[in-house]
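The values are calculated or read from the model by the stated rules, or taken from the named source; none is laboratory data. From a predicted model like this one, the values you see are computed outputs, not experimental measurements. In this analysis, Cβ positions are derived from the backbone assuming ideal geometry, glycine residues included, and neighbour counts consider all displayed protein chains.
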Amino acid sequence: MQVQTTTELVLRAAALAEPAGPTGGAGPAARGGRRILGITGPPGAGKSTLAARLAEELGPERAVVVPMDGFHLAQAELTRVGLADRKGAPDTFDVAGYVSLLHRLRTSDGATVYAPAFDRSLEEPIAGSIPVPPAVPLVITEGNYLLHDAGEWAAVRPLLDEAWYLAPDEALRVRRLVDRHVRHGKEPAYARAWVDRSDEANARLIAPGRHRADLVLDTG
């Protein structure tokens with residue numbers, strides 16, 4: 001596990017966004033297209049915060065964040081198939097849709113690609129929310145299951161040029177989770193029960209994937 005400053009992480013992400021020089025090397029041209037950095041870890045690890053910070057530092061002309069959470073199944077569909085009480089588990093996402101989008105992002109045909117976002121105030125995915133212009137060399141995707149190797153999720157890791165796994169202090173992570181659920185409208189007791197029952201079950205599924213990361217970060 002490594003402790004790195006934000007500046008060091010920005011520089012590492014910036015290297016992924018660099019075009020190849022005349023002798024080859026890192027960058028989108030070296031692999032025939034756009035590069036993808038995946039940021040993963042258990043719920044509450046700080047994935048979206050880090051992804052947003054990297055994109056802000058690199059600027060919109062070099063990096064765009066495409067969250068995995070945009071591929072949550074809609075609440076109506078979760079209810080229909082009986083999975084509403086397991087929202088956030090691996091089988092409550094459109095995995096095939098996410099993998100298909102990653103393929104499109106890697107092999108851009110010169111057109112803007114539109115990705116979905118997830119609106120936490122609505123607890124729903126919103127299609128076509130995130131434009132990725134063809135000239136942007138780096139996509140930062142973040143989510144729980146980027147290194148999960150069960151079923152269709154196994155197709156995600158080969159599409160990532162780098163994968164970073166965030167491993168914060170566990171007590172701090174759980175507090176963050178409870179606070180986040182409360183901010184988005186859950187009563188404190190219900191928020192804590194949801195974290196214990198759902199989020200922590202998902203965290204146990206995610207943990208074995210850390211050995212497939214290029215970088216494991218102590219995020220404090």
task: Search region 37-49 for residues being touching a Leu at 6+ places or on another chain (Cβ under 7 Å) and surrounded by fewer than 23 Cβ atoms within 10 Å (Cβ to Cβ), and hand back the single one that is nearest to S108 (Cα to Cα).
output: G46
- prompt: So which pairs qualify, if the first residue must be in region 114-136 and at positive phi and surrounded by fewer than 17 Cβ atoms within 10 Å (Cβ to Cβ), the second must be of a type outside the set (K, R) and not in a strand (DSSP E or B), the Cβ gap must be under 9 Å, and the two must be at least 6 apart or on different chains?
  reply: E123/Q75; E123/H184; E123/G185
query: Which one is farthest from A45 (Cα to Cα), of the residues in region 208-220 that are surrounded by 14 or more Cβ atoms within 10 Å (Cβ to Cβ) and at pLDDT 85 or above?
result: R212
Any hit, region 105-114, residues being part of a helix (DSSP H, G or I), under 21 Å from G151 (Cβ atoms) and modelled with pLDDT of 95 or more: no
query: Looking at this structure, is D69 acidic (D, E) and either surrounded by 12 or more Cβ atoms within 10 Å (Cβ to Cβ) or touching a Cys at 6+ places or on another chain (Cβ under 9 Å) (or both)?
result: yes
- request: Just give me the residues in region 80-104 being within 19 Å of H148 (Cβ to Cβ), in a loop (DSSP other than H, G, I, E, B) and free of Cβ contacts under 8 Å to residues at least 12 places away in the same chain, in sequence order.
  value: L83
- prompt: Within the bounds of region 49-72, is there any residue that is in a helix (DSSP H, G or I), within 14 Å of the chain's Cα centre (by Cα) and free of Cβ contacts under 8 Å to residues at least 12 places away in the same chain?
  reply: yes
query: Is it the case that D179 is in contact with a Ser or Thr (Cβ under 9 Å, 6 or more places away or on another chain) and among the acidic types (D, E)?
result: no
- request: With the condition kept exactly as written, say whether any residue in region 137-148 is surrounded by fewer than 21 Cβ atoms within 10 Å (Cβ to Cβ) and of a type in the set (G, A, S).
  value: no
task: Would you please name the residue that is surrounded by the most Cβ atoms within 10 Å (Cβ to Cβ), looking only at residues in region 176-199 that are of a type in the set (D, E, K, R) and touching a residue at least 60 places away in the same chain (Cβ under 8 Å)?
output: D199
